[in-house]
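Worksheet for the structure shown next.
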There are 2 protein chains.
Amino acid sequence: MTTAFQFDVLATDGKTAARRGRIRTPHGEADTPAFMPVGTAGSVKTLDNRDLDELGAQLVLANTYHLFLRPGHDVVRDLGGLHGFTGRAKPYLTDSGGFQVFSLGDFRKITEEGVRFASHIDGTRHMFTPELSIEVQEALGADIIMAFDECIPYPAEDEYVRQSTERTVRWTRRCLGAKTRGDQALFGIVQGGMSEELRRWSVEQTTALDLDGYALGGLSVGESKPQMMHIAAFAAPLLPAEKPRYVMGVGHPEDILEMISFGVDMFDCVMPTRNARTGTIYTSAGRLNIRNACHKTDARPLDAECACPTCARHSRAYLRHLFLAGEPSALRLLTIHNLSFYFAMMAAARRAIANGAFFDYHAAFREKLASSE
Amino acid sequence: MTTAFQFDVLATDGKTAARRGRIRTPHGEADTPAFMPVGTAGSVKTLDNRDLDELGAQLVLANTYHLFLRPGHDVVRDLGGLHGFTGRAKPYLTDSGGFQVFSLGDFRKITEEGVRFASHIDGTRHMFTPELSIEVQEALGADIIMAFDECIPYPAEDEYVRQSTERTVRWTRRCLGAKTRGDQALFGIVQGGMSEELRRWSVEQTTALDLDGYALGGLSVGESKPQMMHIAAFAAPLLPAEKPRYVMGVGHPEDILEMISFGVDMFDCVMPTRNARTGTIYTSAGRLNIRNACHKTDARPLDAECACPTCARHSRAYLRHLFLAGEPSALRLLTIHNLSFYFAMMAAARRAIANGAFFDYHAAFREKLASSE
């Protein structure tokens with residue numbers, strides 16, 4: 001439906017449903033399976049654009065809710081949209097604001113029209129509708145925008161899940177109707193809670209709109225890991241093979257690899273960045289916390305197998321010292337490492353798929369993880 | 001007294017006492033007049049080593065008091081001293097810990113032996129002596145270390161100023177006696193409060209020890225700017241011309257240029273870095289505060305005349321947004337700019353001295369500053 005957006009499946013794994021692809025946008029390409037770091041307020045916390053370039057970041061997710069409230073989507077639009085405002089000429093994706101309205105806004109009230117809420121920043125009252133979400137996302141100007149949905153919490157009453165899933169489909173149609181720009185791809189979001197029947201219905205209704213891509217929403221919201229994996233494994237293959245499939249807000253490295261094996265192409269999660277800021281570090285030998293006393297005089301890098309600039313230049317002892325001394329540089333150096341771990345994992349997964357070896361790569365990753373815990 | 005350390009005066013201005021020189025240390029050179037950013041805990045706050053390299057930083061000051069308390073000088077020593085610990089192979093200078101013991105420590109008690117104090121971090125009791133200061137600074141392994149002194153507050157009783165100034169000279173002799181490493185330069189610190197007589201006496205006693213360089217301490221401690229400038233103008237020319245002259249803790253750009261005209265070679269100050277973290281920005285048209293509403297939609301860089309990466313890439317509007325949203329990246333981007341302003345000013349001053357044009361450069365700087373306020 002937009003000529004600027006394109007998705008190509010370049011290779012399939014064979015043993016699993018994993019696929020290696022490439023998204024083309026007006027601001028460049030993104031290799032899939034892709035991990036999108038979260039740049040909530042127009043900045044991946046602690047990093048600058050050059051850091052992102054050096055990490056190999058392509059798609060970055062920015063939060064519509066946050067940018068609507070501060071600095072305001074009109075400010076971002078007048079400064080050239082997200083690309084002009086942030087000075088980063090690579091692809092952006094914005095979420096619809098729905099998830100944050102529910103998780104951060106106060107005094108939420110959902111109607112057919114939309115969601116009333118109060119800003120978590122200054123208490124001001126607002127109403128988000130599918131039409132406003134699209135208007136804001138068009139002002140922000142990301143390459144991929146998301147339809148306005150309700151991310152159904154877990155647990156929830158069956159009847160509520162059904163009503164909400166139906167409403168999200170109606171909202172998705174309204175989003176499509178409100179869209180005016182031809183240079184942004186619109187993705188729809190499949191809901192349906194933990195019900196196979198509702199998930200299938202949501203897929204059918206949403207894919208009937210012939211959107212540019214499809215997301216599975218409402219996962220990693222409190223359900224058990226087997227439940228989450230069951231729904232992802234059930235719903236991912238129902239989505240059209242020629243469009244990108246995106247699971248929102250997931251997650252742990254092992255969960256991402258599992259979902260890649262279901263044929264999912266895109267992921268976003270705050271974990272690598274948020275965990276870095278609390279000192280939790282991903283390594284090829286499992287997680288570590290840099291605050292621990294055992295690192296006090298440890299001259300080794302965070303991860304001997306990591307090629308990131310933090311591991312190339314700094315010891316665990318120095319990073320622990322910076323962290324405990326409250327030095328802001330610690331948060332950036334650890335964020336660079338954690339994102340580097342995620343990006344290296346995604347790059348290895350893409351290579352494995354292209355070589356028809358993803359099943360073995362995934363098994364080796366699980367093996368290593370199990371032996372380190 | 002150390003073969004590794006060398007100072008050469010490369011040019012003098014002619015109209016003023018300003019001189020262009022070069023310090024050589026085991027870890028490289030530093031062009032003078034030099035501005036040293038403050039890396040209190042072994043990191044210039046918000047920056048990493050590559051940022052410092054790209055800014056052109058040569059000498060960086062680290063605080064003995066902070067590193068003694070955390071992570072401990074033994075930890076730093078065992079990881080290769082400051083250079084090994086921080087991964088930065090360029091010159092470091094450590095202060096003696098004296099100033100921080102007085103300004104940050106609790107329950108201070110000064111005796112001839114040294115200073116008892118309680119840690120501002122955890123309340124633990126310690127005693128700093130000239131001998132311990134040297135022991136700690138030898139463990140930290142900076143290229144230039146400072147004699148242990150008392151930075152006399154202002155105002156202070158005449159008798160106290162005399163007694164303290166005499167004690168600092170005795171402490172300086174003890175520092176020289178305690179020194180064991182041959183690869184570190186030791187600088188003495190001239191005190192004497194606002195008394196010309198005591199300053200002259202302190203210079204005579206301290207320079208008689210034939211140290212590698214000399215600092216003027218006890219300035220910018222509460223006295224008026226004319227008082228400070230009077231003492232600096234009086235004492236700087238008394239110091240030997242063939243050794244570097246260092247005014248500690250100064251300061252404002254205009255104060256640095258003024259003191260360069262007195263023949264001072266080295267400066268350190270937290271102002272560019274600390275001000276950046278509160279949003280106060282140095283520009284060629286005067287200071288601005290990035291929080292101000294007037295920058296909300298301003299697409300211009302912080303300073304159109306600045307060549308720093310922050311000004312090359314980002315608008316005032318974006319930097320203001322990041323700052324107000326509490327994004328850690330704002331603090332780093334603003335620190336890079338402020339230090340870039342200081343380093344560009346120092347580089348211009350050095351070029352002006354080499355061209356015999358410092359008097360005019362200084363006059364033009366004052367003129368611009370006056371017209372912008």
>> Please give me the summed charge of the neighbours of B:Val250: other residues whose Cβ is under 15 Å from its Cβ, Lys and Arg +1, Asp and Glu -1.
In response: -4
>> How tilted is helix A:130-140 with respect to the longest principal axis of chain A? Cα atoms for both, answer in degrees (0 to 90, nearest 10).
In response: 50
> In terms of modelled amide H atoms, which long-range or inter-chain residues lie less than 5 Å from the amide H of A:Met36?
Replying inline: A:Phe267, A:Asp268, A:Cys269
>> List the pairs from A:Lys225/A:Lys296; A:Lys179/B:Lys296; B:Lys109/B:Lys243; A:Lys90/B:Lys45 whose alpha-carbon separation is above 31 Å, in the order I gave them.
In response: A:Lys225/A:Lys296; B:Lys109/B:Lys243
> Counting pairs of alpha carbon atoms under 8 Å apart in space and at least six apart in sequence, what relative contact order in percent does region A:240-373 give?
Replying inline: 24
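With N residues in region B:57-136, what two-decimal value do you get for its Cα radius of gyration over 2.2 N^0.38 Å?
Rg over 2.2 N^0.38 Å, computed on Cα atoms: 1.13.
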> Per chain B: cysteines with no other Cys C-beta under 4.7 angstrom?
Replying inline: B:Cys151, B:Cys175, B:Cys269, B:Cys294, B:Cys308
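For B:Glu242 and B:Ala312, what does the FRET efficiency come to when R0 = 41 Å and r is the distance between their Cβ atoms, rounded to the nearest 0.05?
On the way: r = 41 Å, r/R0 = 0.99.
After rounding, the FRET efficiency stands at 0.50.
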> Given a Förster distance of 35 angstrom, what is the FRET efficiency for A:Ala347 paired with B:Thr297, based on the Cβ-Cβ distance and rounded to 0.05?
Replying inline: 0.35
> Among rounded, prolate and oblate, which fits region B:276-372 when a ≥ b ≥ c are the square roots of the eigenvalues of its C-alpha gyration tensor, a/c under 1.5 means rounded, and a/b larger than b/c means prolate?
Replying inline: prolate
>> Just to confirm a number: summing +1 for Lys and Arg and -1 for Asp and Glu over residues other than A:Pro26 whose beta-carbon lies under 10 angstrom from that of A:Pro26, what do you get?
In response: -1
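Using R₀ = 45 Å, calculate the FRET efficiency as 1/(1 + (r/R₀)^6) where r is the Cβ-Cβ separation of A:Ala354 and B:Asp183; round to 0.05. Before the final figure, lay out the partial values.
Numbers: r = 54 Å, r/R0 = 1.19.
Approximately 0.25, to the nearest 0.05.
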>> Please list 3J(HN,Hα) in residue order for region B:89-101, calculated via the Karplus relation 6.51 cos²θ - 1.76 cosθ + 1.60 where θ = phi - 60°; whole Hz, with x for glycine and proline.
In response: 8, 9, x, 10, 10, 10, 6, 8, x, x, 4, 6, 4
> Around B:Ala4, with a cut-off of 9 angstrom between Cβ atoms, what is the net charge of the other residues, counting Lys and Arg +1 and Asp and Glu -1?
Replying inline: -1
>> I need the phi-derived Karplus couplings for region A:247-258: 6.51 cos²θ - 1.76 cosθ + 1.60, θ = phi - 60°, integer Hz, Gly and Pro marked x.
In response: 9, 7, x, 10, x, 5, x, 5, 5, 4, 4, 4
>> From the phi angles alone, apply the Karplus equation (6.51, -1.76, 1.60; θ = phi - 60°) to region A:290-307 and give each ³J(HN,Hα) in whole Hz, x where the residue is Gly or Pro.
In response: 5, 6, 4, 4, 5, 8, 4, 10, 7, 7, 6, x, 4, 8, 4, 8, 9, 9
> Just the C-alpha atoms of the protein assembly as shown: what Rg/Rh do they give, with Rh taken as the Kirkwood radius?
Replying inline: 1.06
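Once you order the gyration tensor axes a ≥ b ≥ c over the Cα atoms, which shape class does region A:119-176 get: rounded for a/c under 1.5, otherwise prolate or oblate by comparing a/b with b/c? Working shown, then result.
On the way: a/c = 2.34, a/b = 1.36, b/c = 1.73.
Because a/c hits 1.5 or more and a/b fails to exceed b/c, region A:119-176 counts as oblate.
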> Using just the C-alpha positions of region A:224-342 as equal point scatterers, what log10 of I(q)/I(0) does the Debye formula give at each q in 0.12, 0.14, 0.16, 0.21 1/Å?
Replying inline: -0.52, -0.64, -0.76, -1.04
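If I take every Cα pair under 8 Å that is 6 or more residues apart in region A:169-255, average their sequence separation and divide by the length, what percent do I get for the relative contact order? Mind dumping the intermediate values first?
On the way: 103 pairs, mean separation 25.4, N = 87.
Relative contact order of region A:169-255: 29 percent.
For chain B, what does the relative contact order come out to in percent, with C-alpha contacts under 8 Å and a separation of six or more?
On the way: 736 pairs, mean separation 68.2, N = 373.
Relative CO of chain B lands at 18 percent.
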>> Between 0 and 90 degrees, rounded to the nearest ten: what's the tilt of helix A:225-235 against the longest Cα principal axis of chain A?
In response: 50
> Using the reciprocal of the averaged 1/r over all distinct C-alpha pairs, how large is the Kirkwood radius of region B:6-268 in Å?
Replying inline: 18.4
> Amide H to amide H under 5 Å from B:Ala215: which residues, 5+ apart in sequence or cross-chain, H placed 1.01 Å off N in plane?
Replying inline: B:Gly188, B:Ile189, B:Val190, B:Tyr246
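Rounded, prolate or oblate for region B:90-220? Axes are the square roots of the Cα gyration tensor eigenvalues, ordered a ≥ b ≥ c, and the cut-off for rounded is a/c under 1.5. Don't jump to the answer; show the numbers that get you there.
On the way: a/c = 1.76, a/b = 1.05, b/c = 1.67.
Because a/c hits 1.5 or more and a/b fails to exceed b/c, region B:90-220 counts as oblate.
Bear in mind that the values in this text are calculations on the coordinates, not laboratory data. As the structure is a prediction and not an experimental result, all values here were calculated from the model. Every residue, glycine among them, receives a Cβ derived from its backbone with ideal geometry; neighbour counts consider all protein chains shown.
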